Structure formats: C-alpha cells, structure tokens
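A.B. asks: Take this structure first; my questions come after.
The values are calculated or read from the model by the stated rules, or taken from the named source; none is laboratory data. It should be emphasised that the depicted structure is a prediction, and the values quoted were computed from it without experimental measurement. Please note: Cβ atoms are built from the backbone with ideal geometry, for glycine as well, and neighbour counts cover all protein chains shown. Surface accessibility is based on the protein's heavy atoms, side chains included, excluding ligands, DNA and RNA. Shrake-Rupley method; radii C 1.70, N 1.55, O 1.52, S 1.80 Å.
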Number of protein chains: 2
Amino acid sequence: MVQDTVADGATGDADACCTPLGDVDADAMAIDLQVLSAMGNDTRYELLRRIANADDGVCVCDLEAAVGVSQSAVSQALSRLYAAGLVTRRKEGSWRYYEPTETTVALLETLDDLRGTHE
Amino acid sequence: MVQDTVADGATGDADACCTPLGDVDADAMAIDLQVLSAMGNDTRYELLRRIANADDGVCVCDLEAAVGVSQSAVSQALSRLYAAGLVTRRKEGSWRYYEPTETTVALLETLDDLRGTHE
DNA sequence: AGCTTATACAAGGAAATACTAATATGTTTC
DNA sequence: GAAACATATTAGTATTTCCTTGTATAAGCT
C-alpha cells in the first residue's frame, strides 16, 4: 500500500510561531475530495438526498422530475456520484435504479446530527 | 422555525416507474452545501486537516508554509472555512489561531472511518 | 424492422471558482 | 512615529464547473 503524503514545507526551521504540522495522507485526501466535491453541489446533493430518502432504489425518471435541470444534467450528476462511490446502480429492464452506499448514508447522517445538536 | 422544502415536481401523476419522492429540507440543504463545498476543495481540505491534526490552535503562518499557495489564497481559504462554521479563530497578539469546530472533527472522523472499513 | 422510451455521451458556452498581485489594516518593536 | 511583520481585502484573470443542445445506445412495443 502506498503511504504517500503531501510534503510539509515548514519542516526544519521552527520560527517564532511556526511549529511543523503533521502531514496529510495524499491517498485519503484524494478519496475524500472526490466524495466531498461530489456532494458539495446543489443538484447532486439534492439527488443524493432523494436517493437516500427512498427505501428502495430510485430510477432516473423520478429524479428528473424532481430537480430542475435537464435529463442530461441529471445523468451526468448521477455518474459523478457513482464515480465518487456515493451510489450504486442496478439495471432493471430499460430503467436504472440508484441506491445510496454506506458512505452516503453515514455522511448524511453525520450532517443531520451536526445540524440538529449545535449552533 | 421555517420549514421550507424544495418542491417535488413529480407530485401528482404516478407514471409507470415514477413514485413521488420525499422533499428535501431547503434550510438543511443550504447549510450542508456550505459545509461540503467548503471542504471539497484541495487547498481548504488540506488546511482543515492540518488544523484538525494540531492539538492546539494553528496560526496562519504555519499553514502558509505548508500548502503551496500564496498568503492571500490561504487567508481567503480560511475565511471561507470560518464562514462555513468549520473553524474558529482567536486573535493572540498579531497572530491569529485557527481551531477546528465540532463539525470538522465529526466529519473528518466519519470520512476516516468510511475509508478504513470498506471498499 | 421501425418507433418510442430510458439513459448516456460529447461539444460548446456562460457562470462560478480559486488563484495571483497589489494594497490596506492592525500589531509589535525600535 | 517609522519600519517590519501578520493577516485581510480588493481587483483582475485563468481555470474549472455545470448546464444545454444534440446525438448515440439500448431496450420494449407493435
């Protein structure tokens, strides 16, 4: 397993205020960024919420009606969510059903908890 | 408390495959999107990780050395993280120390857990 | 086979983003 | 108060993003 890290430019000279900081795991960062940037968009977030709300899989046609963008935009958004590991897709006849992954469920739950409790 | 929701375009006619989907809370969405889009960026994610890694607050000068962008860019990134409620800032002399909020800690932990366990 | 429906892919453009450079503000030190 | 340092703000720009239109693929129907 590659254990690459992003270099810490400040390593070496400890100035008045500057203490060297722990490095960031580059692989983890890449994965997390995929996830976060995929979720962090109006259209995709809403699609994800709707997919997560439904108990069973949701087909694309449902989603198209729900969010205010073209069929093509929905398809692209879903592809991106899929690439980020946030949804699974299953083909059934000519429809395609999307379901949330554990990652999606866990993150949305965390977000809900945070909003509920504080601030 | 306002309980606004994003309208579900498909409400009413139930087609062959289309079932109406639960609506998405607009307030929750706005907050979550602030958080997710703030975190979902290379520079800001790395800053956040470094801030979260440090036990005590981190001052901007540390961070500037660590990530490969200008002082101005770091300042802007930190402002955005602050606006999203992901860090607190405290002034001490001419330095400014940033610390992670509970939101940051919880989300990064969730992401770590997810990466560790599956896939 | 041809038509319709469901979804994906490709190309282009408008809008948002994230940076740099320059300047401003505030703090410490001399 | 002036110089030096730490951070923020502004303005401009290059890149990226996200959507639309148009086309392709694939399945179901007649």
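A.B. asks: Counting protein heavy atoms only and a 1.4 angstrom probe, how many square angstrom of accessible surface do chains A and B bury in total, to the nearest 100? All intermediate terms of the calculation are to be shown ahead of the outcome.
C.D. replies: Values: alone 8130 and 8120 Å², together 12140 Å².
Heavy-atom accessible area buried at this interface is about 4100 Å².
A.B. asks: Moving to a separate point now. Roughly how many percent of the accessible protein surface of segment B:26-117 is carbon and sulfur, given a 1.4 Å probe and a whole-percent answer?
C.D. replies: Details: 1810 of 4060 Å².
Roughly 44 percent, rounded to a whole number.
A.B. asks: Determine the gain in length on full extension of the stretch A:ARG96-A:ALA30; use 0.36 nm per residue of separation and subtract their C-alpha separation, reporting nm with one decimal. Show your work: numbers first, answer last.
C.D. replies: Details: separation 66, 0.36 × 66 = 23.76 nm, distance 2.82 nm.
Separation in residues times 0.36 nm, less the Cα-Cα distance, equals 20.9 nm.
A.B. asks: In nm to one decimal, list the spacings between the A:SER94 label point and its equivalents in the other copies, with label points set 7 Å along Cα to Cβ, shortest first.
C.D. replies: Distances to the matching label points in the other copies: 7.1 nm.
A.B. asks: Ok, one more. Taking a point 7 Å out from Cα toward Cβ as the label site, list the nm distances between A:GLN76 and the same residue in every other copy, smallest first.
C.D. replies: When each copy's label point is compared with this one, the spacings are 2.4 nm.
A.B. asks: Provide the three semi-axes, in whole Å and in decreasing order, of the ellipsoid equivalent to segment A:26-117 as defined by the square roots of 5 times the Cα gyration tensor eigenvalues. Can you show the working numbers first?
C.D. replies: Working: eigenvalues 93, 46, 34 Å².
Taking √(5λ) for each Cα gyration eigenvalue gives 22, 15, 13 Å.
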